[in-house]
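**Student:** Just passing along the structure, written as structure tokens.
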Amino acid sequence: MVYLDEIRPWKTTWLIEAKVIHTWKPSNLRFGETLEIILADKKGIKVHATCRKNYLKSLGDKCIVGEWKTIENFQVSEPGKQFRPTKLMYKISFINQTVIKPNDFQNDDMFLALAEFDSVLSGSLETEFLIDIVGQAIDVGELRILHSNGKKLRKIEFTLRNVSDVRIQCCLWGKIADEMENHREEAQFGVVVCLIRFSKIGSFRGILQISNAYDSSKLVIAEIHEEGNQIVTKAKYESPKTSAAWKEYEDKTISEILRCTQVQKCKVVATIYAIDTDYAWYYFGCDACQHMTYKVLEPDSNTPIQTKPLFWCEICKKNVTNVAPKFKLHLMAKDDKAEAKFILLDWVAMPVRGVKAEKILNGSFDEVEDPALLPECIKKIAGKTFRYGITFDKGGDNKFKVLKVWSVYNTLMVDSQSETMSGKGTTAISGSEGSILSYSDESSSKMTTPSKRSCYDIIDHLDTTSTSKIRPMKIIKIEKMSNEDLDLTKE
């Protein structure tokens, strides 16, 4: 048994143990159909391996990403000169005598070799080697379709920044561009940490940029690695910038958004009056691509039992075991005049609930058996009033996707926190964006829309969990109040 940095071309009877960390099939079949594989040993040494068409069934099918294997008898040769996924001076190829067996060793290491932004921008890295790079995706553009030699090419451009706010331009092509486009809105109004594995360093019109190296690159959207978590933490402290972006969009009523016929974004205040239990409140998302998966039916009794259940990922086009439960809440919302359905996906719903779906399920991989049996933390949403940042492509079904949720305090206490209220100098504590569920069920149930609330209602709703300083409230004009509210003020 040897480590990968010990193999040489002078023989084929090598014996190694390694983890399969990435596989892909090149779309260019000029050299025949192959499966390309990246292996890593216990020292973190990586090697590029090739399995030719003749051995795809007998050997290629055994190379499952995430599993450790014992591999014996293979050819060692020099790698190509460009787009090298590893720095090892050799690559390996499977041959007729190659034997691949399961290995009992377990290790969750991704074997990342993250490139420093400063090193990339300085030009000190050798561009023939592919790199791993992680950062927050910002300024994500629209997916563009280009035509070249009778073929349609899809590309998307964005900026990647690290925790020190150093930025690099990125351009992704093909399927990996489609994956990035799926997270475009989330990157615009939330925080998307993007890991691009085996990416290439290039330039376009004299500007350095990161791109995918044909089919060999891999995009991972997740809070991965220590630096990825630091990026998320830093971005959350910059939430006022995100709030400022929403100031550009109009405030509308539900009646107004129901009449819209174009793709738009807007803000709306509404009360949740029910949870739609025709739908499950969670789904299992693939760890690799974050998309919905479907549980594979239980195997026959003669088939070996899996330690973890299998799920089919439509995006990855394969069975996966690494999945996690994610929120998808279908909320029935209303204001004074109309009703609509709001859909909260995991990255919006989790902050609202204050707990991850994974914690609620406590390690269970069971699908929903009775959607009417909701956890208490979800039931408590009913009767609450929030302000929503939504997007919609009107399709006649009155469903709207939620991109942002604010506390009602952030709606009613307005942006200007320096104006005083006439009268007795009454003050109220303003809730932060994170304190979405801080007020009581009783007080929130009184609300329909802000126009129906009296000044005394507003004063009474103190955010008891907020540590923010006491702020003076904005003057409320009496002429905007209802007759009922005017009677209250006279008393």
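The values are calculated or read from the model by the stated rules, or taken from the named source; none is laboratory data. Keep in mind it's a predicted model, so treat the numbers as computed, not measured. Cβ: placed from backbone, ideal geometry, glycine included. Neighbour counts: every protein chain shown.
**Student:** If S93 meets every condition in (1) closer than 24 Å to K317 by Cα; (2) surrounded by 14 or more Cβ atoms within 10 Å (Cβ to Cβ); (3) more than 30 Å from the chain's Cα centre (by Cα) apart from one, which number is that one?
**Tutor:** (1)
**Student:** Applying the selection to the range 161-210, what residues are in contact with a strand residue (DSSP E or B) (Cβ under 6 Å, 6 or more places away or on another chain) and among the hydroxyl-bearing types (S, T, Y)?
**Tutor:** S199
**Student:** On to the next question. Can you run down the residue pairs with Cβ atoms below 8 Å, 6 or more apart or on separate chains, where the first is in the range 354-376 and assigned by TED's automatic domain parsing to the domain that holds K308 and the partner is among the basic types (K, R)?
**Tutor:** Close Cβ pairs satisfying both conditions: A357/K326; F365/K295; F365/K308; E367/K295.
**Student:** So is E157 in a loop (DSSP other than H, G, I, E, B) and outside the structural domain of N73 (by TED's automatic domain parsing) or not?
**Tutor:** So E157 fails the test.
**Student:** Here's a follow-up. Of everything in the range 1-15 that's surrounded by fewer than 20 Cβ atoms within 10 Å (Cβ to Cβ) and β-branched (V, I, T), which residue is nearest to E72 (Cα to Cα)?
**Tutor:** T13
**Student:** While we're here: Would you check which residues across the range 50-73 are farther than 21 Å from D104 by Cα and buried (at least 16 other Cβ atoms within 10 Å of the Cβ) and list them?
**Tutor:** Selection gives T50, C51, R52, Y55, L56.
**Student:** Going through the range 103-117 one residue at a time, which ones are in contact (Cβ under 8 Å) with a residue 12 or more places away in the chain and surrounded by 11 or more Cβ atoms within 10 Å (Cβ to Cβ)?
**Tutor:** Within the range 103-117, N103, F105, N107, M110, F111, L112, A113, L114, A115, F117 meet the criteria.
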